[in-house]
1. Could you work out how far apart the two model spin labels at ASN141 and LEU28 are, taking each label as a point 7 Å from the Cα in the direction of the beta carbon, and quote it in nm?
2. Once the dipole of segment 1-144 is set up with Lys and Arg at +1 and Asp and Glu at -1 on Cβ about the Cα centre, which of SER38, ILE119, VAL137 lies farthest towards its positive end?
3. Using heavy-atom solvent-accessible surface (probe 1.4 Å) with all chains present, what is the largest-first order of TYR98, TYR23, TYR214?
4. Of the residues ALA89, ALA181, ALA253, which exhibits the maximal mean-square fluctuation in a Gaussian network model of the chain defined by a 10 Å Cα contact cut-off?
5. Keeping every protein chain present and rolling a 1.4 Å probe, give me the accessible area per residue for the chain in Å².
6. Report the charge-dipole magnitude of the chain in Debye, nearest 20, computed about the Cα centre from +1 at each Lys and Arg Cβ and -1 at each Asp and Glu Cβ.
7. Any idea what angle helix 251-285 forms with the longest principal axis of the chain, computed on alpha-carbon atoms, 0 to 90 degrees, nearest 10?
8. Give the relative contact order (percent, whole number) for segment 13-127; include only Cα pairs under 8 Å separated by 6+ residues.
Amino acid sequence: MNSTLRTRRSTPLTIAMLAALAYFLIPLFWLAVSSTKSTEDLFNTFGLWFSHAPQLITNIRATFSENNGEYTRWLLNTVFYAGVSSTGAAFLAAFAGYGFAKYRFRGHKAGFNLVVGTIMVPTTALAIPAYLLFSQVGLVNTPWAVILPSLINPFGLYLMRIYAQDAVPDSLIEAARIDGAGELRIFFRIALRLLTPGLVTVLLFTLVTTWNNYFLPLIMLNNPNLYPVTVGLSSWAAQAQNGGAGAGGGTLALVTTGSLLSIIPLVIAFVFLQRYWQSGLANGAVKQ
């Protein structure tokens, strides 16, 4: 009886898990399959299976050689934007989160509540005001127009504050102060090492957000040489839909291949940093 009851309880969860798995994996499988097809085969064959003449290597070569290799430039731009933004946002969140967690000052609660409140504001709602501000100081159509807004991560600050509360013992800080260590030295030599799992967690979240960002660089940049891969692939897709010069050469097939290639660096980042990411979530969510 207990075995039957246990089976009945697990069946809905199993179905839900399989549905969630299919929801996430089917689009990736479609993208992988579509990257092996020509533009004609994309419309003339079943979407979830390969064509009779796969041409993945041909598509990859064409993607990197299209328009004098502009895809490579877009990919490098994306690596630069995401790398600088995620690293800077992670360290700023660590600084501020540690400060909110370990220091008490006038306006402490009000400031932290303000940070929590900004999490509810959609980032797209801030894109136009940011554009107007950056246009006044001449930063529009520069890499800084993409990097500077990405350095502010209210959720990362909130996460680091919660994590630092328990990850860095107050007794350890007091012992360092008794030994004559200054506040900056305590942070860099002691606290930052203990905050590494949370730091990597924020870095990964910001990396994914900046890597997949489309709307902000779309309105900030008008020079194709500065495009990230999201905006660049969108311009190729627009060419294909409008019947531009690149459409006849199979631009739509290059869009799918470029999309597949663009997620590989993110997969590599998660594979190498997942142990820090998982431990950071677990330690930051449970009080000791």
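The values are calculated or read from the model by the stated rules, or taken from the named source; none is laboratory data. Small disclaimer: the values here were computed from a predicted structure and weren't measured. When we count neighbours, we look across all protein chains shown, and the Cβ atoms used for this are built from the backbone with ideal geometry, even at glycine. Accessible surface areas use protein heavy atoms only, side chains included; no ligands, DNA or RNA. Shrake-Rupley method; radii C 1.70, N 1.55, O 1.52, S 1.80 Å.
1. It is 3.9 nm.
2. Selected residue: ILE119.
3. Details: TYR98 10, TYR23 160, TYR214 90 Å².
Sorted descending by solvent-accessible area, the residues read TYR23, TYR214, TYR98.
4. The residue that fluctuates most here is ALA181.
5. Values: 16750 Å² over 288 residues.
Here the per-residue accessible area is 58 Å².
6. Working: 17 positive and 9 negative charges, 202 e Å.
In debye, rounded to 20, the chain gives about 960.
7. Value to nearest ten degrees: 20.
8. On the way: 40 pairs, mean separation 14.9, N = 115.
Relative contact order for segment 13-127 comes out at 13 percent.
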